[in-house]
Each structure stands twice: as structure tokens, then as C-alpha cells.
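Engineer: A single structure is presented below for examination.
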Amino acid sequence: MIIHELETNFQSKIDGEIKIEPKDWMPEAYRKTNIRQISQHAHSEIVGMLPEGNWVTRAPSLKRKAILLAKVQDEAGHGLYLYAAAETLGMSRDEMINDLHSGKAKYSSIFNYPTLTWADMGAIGWLVDGAAILNQVMLCRTSYGPYARANVKICKEESFHQRQGFESLLVLSRGTPEQKAMCQDAINRWWWPSLMMFGPTDSESTNNDQSMKWKIKRKTNDELRQQFVDMIAAQIKVLGMQLPDDKLIWNEDKKQHDFGAINWDEFWNVVKGNGPCNKQRLNARKKAHQEGKWVRDAAIAYANKKKIQPSPSVELMAS
Ligand code: 3HC
């Protein structure tokens, strides 16, 4: 079959809501952009463990420590689901990890900000995981089968992350004046970087149009961002706190909130590696990978032993 027919058949499968599976024919560009997005999503999950890991030993109670530990552990699992999904497209785990460590691959810019107080754990759960959920619920319908199925598993746990973050802030918002101030300070620091998680504006997005045509994305960056603003603008009323945007206002005509300008210079500066914690995050990942080498070596040695070890019956026959 000639390439044109293959591409036409491929697009009609996409348009017909037929999932693309690993063994199906696909345009090389479809394969590459899925490897790009899925591997960077996986990197985001793994690097995303670091800001929260910083507070596991300093959680204010055993209950909060257990909840935070469970969440951080979930993120590791999400990363593994996603690396496995990306591997089905032909890129090895080692290649993906090397691309992260070399700086060639991206991860979500949000994780390059410091976690300064305990309230940051609540703000991350509520805002960062809240933004991630909107995106990941959409990705449950992405056209590449293994990626869609990975997101279904992820979303089940992500909703717990968002709820536990909100509940933690709710307690602080009803606490002492110092706790209220800590809660508001965390919201102030995490609000705008959370809006940046949805990517650049649709007009600036290099991948949006093609990703929408191939139904990798079902909503554009700006559509999801708007949905997030409207959701949080309602939820924050329960906390009795403010979002750090004096231009945030309900627009009755558009039936959505208008909001202030995002600092895209800050966004691209962080994406390019100049954020407050970029170097610290990558160094932590490289150190963990190096220190974990003995585990990988042992697992490979065990797998090889299992593989080439003649089973007892074979030994008997050979003797
Ligand atoms: N941080 C870093 N890079 C970003 C970014 C961000 N917040 N937003 C966009 N970019 C990059 C893109 O990767 C792209 O660069 P590339 O072509 O080299 O990959 C460039 O900026 C232009 O952006 P586009 O809009 O053209 O890129 P996409 O079409 O890929 O859209 C996206 C960006 C919406 C993030 C999309 O990649 C996506 O949906 N990814 C999957 C979800 C994901 O990665 N979420 C990250 C958070 S995961 C998380 O928070 C887990 C939680 O449990 C902790």
C-alpha cells in the first residue's frame, strides 16, 4: 500500500475514534510526537516527587506524613506507567532517562519552584494536581491506546491527590492567623506557575494544531487553562482566600472568568533551565539514578540467571 493510502487510512481511524495500538502502522511524526509528550509526562511525574519529598520528614503529623508518602509513591507509579507506554513506541527507558539527564527532554516547569512551607504541599495537591487532572482526564481519550489506558489509571489516584491538597489548605484556612497567612502565601506563589502547566497560548503552541488533528489532544492549551481558572475561582471561595490576580472577574457574556496576563518570559526562562530549582532537580535525579545502579544491575543479573538457568528436568536429562 502506498504511503498516501496508509496516511489516509490512519487519519480515518483517528476520525473514527479507533485507538492506535503499538503494532498499527502510524506516521513517523505521530510516533515521534507521542514519544516526546509521553516521555516528558513521565519525567514530570518522577521529577514532581522531589518538591514534595522535601516535606515528608517535616510533615506536621503522622497522618499528614502518611498521606504525603502515599501521594509521592503514586507519582512514581504514574511515571512507570508512562515510561512503559512510551517504550511501546520504540524508545528505550535508558534513552528517555539519558534525554532527561542531558537536558534534551523537558519536564513540567512547575517542578522547578521551591517548596518553602508546609502549605506548599496543599497548594501543590490542590493546584498542580488539579491542573494535571484536567489535562489527564482529557488524555484518557487520547488516540494512542497505551497512553489513554495509562491515564485512566493515573486519574483514579490523581483525584485523591487534589482532594487531600484542598483539605490540607482548608484546615490551615480555618487555623491561626499565621496558618491563614501561610495558606495565602502558598496560593500566591503557586497560582501563576500552575496556569503555565497547560503550555503556551494556542497561538504560540508549536504542537497544538497537529496534536488536535491526531486527537492526541482533545482540548487546546487555552481551553484547558480556562476550564482550570473557572474551577479554581469557584473552589477558592470555600477557603476564604484570594487568587493573586486583580484582573480575575466573571464575564457574564462569555460565561467564564477573565484573568490577568501570564508572564511568558518567566515561563520560557524556566523551561530553558533558568528557574529557581532546575539545576537542583536534575542533579537530584542524576544522583538517585547513579545510586540506584546496583538495584538495576542486580535485577538484570537475576533475570539473566532465571533465563539461562537450565530447569532441573533439563539438568537431569543432560546428566
Ligand atoms: N513545562 C515545560 N515545557 C512545556 C510546558 C511546561 N509547563 N508546556 C509546554 N512545554 C513545552 C512543550 O513540551 C513544547 O516543547 P517540545 O516540543 O520540545 O516538547 C513547547 O513547550 C511548546 O508547547 P506545546 O503547547 O506546543 O506542546 P504540547 O502540545 O506538547 O502541549 C502539554 C504541552 C499541554 C504540557 C502537553 O505536552 C501535555 O499534555 N503533556 C502531558 C501532560 C503533562 O506532561 N503534564 C505535566 C504535569 S504532570 C503532573 O503534574 C503530575 C502530577 O501528578 C504531579
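The values are calculated or read from the model by the stated rules, or taken from the named source; none is laboratory data. These figures come from a predicted structure and were not determined experimentally. Note that each Cβ is placed from the backbone with ideal geometry, even for glycine, and that neighbours are counted across all protein chains shown. Surface accessibility is based on the protein's heavy atoms, side chains included, excluding ligands, DNA and RNA. Shrake-Rupley method; radii C 1.70, N 1.55, O 1.52, S 1.80 Å.
Engineer: Could you tell me whether LEU224 is of a type outside the set (Ser, Thr, Tyr), over 30 Å from ALA85 (Cα atoms) and open to solvent by less than 10 Å² (accessible area, probe 1.4 Å)? Before you say what the answer is, go through the steps one by one.
Structural biologist: Numbers: of a type outside the set (Ser, Thr, Tyr): yes; over 30 Å from ALA85 (Cα atoms): no; open to solvent by less than 10 Å² (accessible area, probe 1.4 Å): yes.
No.
Engineer: Tell me, which helices (runs of 4 or more DSSP H) lie completely within segment 93-145 with 2 or more residues that are in contact with a Leu (Cβ under 7 Å, 6 or more places away or on another chain)?
Structural biologist: Details: elements: 93-102, 119-123, 129-139.
Fully inside segment 93-145 and qualifying: 119-123, 129-139.
Engineer: If you don't mind, there's one more thing I want to ask. Considering only residues that are crowded, with 22+ Cβ neighbours inside 10 Å, more than 9 Å from the ligand (Cβ to nearest atom) and of a type in the set (Gly, Ala, Ser), which ones fall in segment 178-211?
Structural biologist: Those that are crowded, with 22+ Cβ neighbours inside 10 Å, more than 9 Å from the ligand (Cβ to nearest atom) and of a type in the set (Gly, Ala, Ser): ALA186, SER194.
Engineer: On to the next question. Is it the case that segment 215-230 has a residue that's β-branched (Val, Ile, Thr), under 17 Å from ALA131 (Cβ atoms) and within 9 Å of the ligand (Cβ to nearest atom)?
Structural biologist: Residues of segment 215-230 that are β-branched (Val, Ile, Thr), as a first pass: 216, 220, 229.
Pick out the ones that are also under 17 Å from ALA131 (Cβ atoms) and you get 220, 229.
Filter again for within 9 Å of the ligand (Cβ to nearest atom), leaving 220.
The answer is yes, given that some residue of segment 215-230 is β-branched (Val, Ile, Thr), under 17 Å from ALA131 (Cβ atoms) and within 9 Å of the ligand (Cβ to nearest atom).
Engineer: Need pairs with beta-carbon distance below 8 Å; first residue under 13 Å from GLN40 (Cα atoms) and away from the ligand (no atom under 11 Å from the Cβ) and within segment 99-125, second assigned to a helix (DSSP H, G or I) and open to solvent by 30 Å² or more (accessible area, probe 1.4 Å); sequence gap 6+ or separate chains.
Structural biologist: Hits for this filter: LEU100/LEU282; LEU100/ARG285; HIS101/LEU282; HIS101/ARG285; HIS101/LYS286; HIS101/HIS289; GLY103/LEU282.
Engineer: Another one. At positive phi, open to solvent by less than 80 Å² (accessible area, probe 1.4 Å) and in a loop (DSSP other than H, G, I, E, B) - does that describe any residue in segment 253-260? Reasoning before the result, please.
Structural biologist: First pass over segment 253-260, keeping only residues at positive phi: 255.
So of that shortlist, the ones also open to solvent by less than 80 Å² (accessible area, probe 1.4 Å) come out as none.
No, because not a single residue in segment 253-260 is at positive phi, open to solvent by less than 80 Å² (accessible area, probe 1.4 Å) and in a loop (DSSP other than H, G, I, E, B).
Engineer: Identify all residues within segment 94-121 that are under 17 Å from the mean Cα position of the chain (by Cα) and more than 21 Å from LYS279 (Cβ to Cβ); write none if there are none.
Structural biologist: MET121, the sole residue that qualifies.
Engineer: So in segment 60-69, with the set limited to residues that are in a helix (DSSP H, G or I) and either in contact (Cβ under 8 Å) with a residue 24 or more places away in the chain or in contact with a His (Cβ under 6 Å, 6 or more places away or on another chain) (or both), which one is surrounded by the most Cβ atoms within 10 Å (Cβ to Cβ)? Outline the logic, then answer.
Structural biologist: Within segment 60-69, the first condition is being in a helix (DSSP H, G or I), and the residues that meet it are 62-69.
Right, trim to either in contact (Cβ under 8 Å) with a residue 24 or more places away in the chain or in contact with a His (Cβ under 6 Å, 6 or more places away or on another chain) (or both) and you get 64, 67-68.
Numbers: ARG64: 19, ILE67: 20, LEU68: 23.
It comes out as LEU68.
Engineer: Looking at segment 158-168, is at least one residue farther than 19 Å from ARG36 by Cα, buried (at least 17 other Cβ atoms within 10 Å of the Cβ) and in contact with a Pro (Cβ under 9 Å, 6 or more places away or on another chain)? If you could, list the steps in order and put the result at the bottom.
Structural biologist: Of the residues in segment 158-168, the ones farther than 19 Å from ARG36 by Cα are 158-168.
Retained after the next criterion (residues that are buried (at least 17 other Cβ atoms within 10 Å of the Cβ)): 158, 161-162, 164-166, 168.
From the residues that got through so far, the ones that are in contact with a Pro (Cβ under 9 Å, 6 or more places away or on another chain) too are none.
No, there is no match, as no residue in segment 158-168 is farther than 19 Å from ARG36 by Cα, buried (at least 17 other Cβ atoms within 10 Å of the Cβ) and in contact with a Pro (Cβ under 9 Å, 6 or more places away or on another chain).
Engineer: Scan segment 42-57 residue by residue and report those that are over 16 Å from ILE124 (Cα atoms) and either at pLDDT below 95 or surrounded by fewer than 19 Cβ atoms within 10 Å (Cβ to Cβ) (or both). Give the derivation first.
Structural biologist: First, pick out the residues of segment 42-57 that are over 16 Å from ILE124 (Cα atoms): 42-43, 57.
Listed by number, the list holds a single entry, THR57.
Engineer: Please pick out the residue among THR57, THR115 that is out of contact with any Phe, Trp or Tyr (no Cβ under 8 Å at 6 or more places or on another chain) and among the hydroxyl-bearing types (Ser, Thr, Tyr). Let's see the steps before the verdict.
Structural biologist: Details: THR115 fails: out of contact with any Phe, Trp or Tyr (no Cβ under 8 Å at 6 or more places or on another chain).
Criteria check complete, one pass: THR57.
Engineer: Something else about it: With (1) loosely packed, with under 15 Cβ neighbours inside 10 Å; (2) more than 24 Å from VAL270 (Cα to Cα) as the list, and TRP214 as the residue in question, which single condition is left unmet?
Structural biologist: Every condition holds for TRP214 apart from (1).
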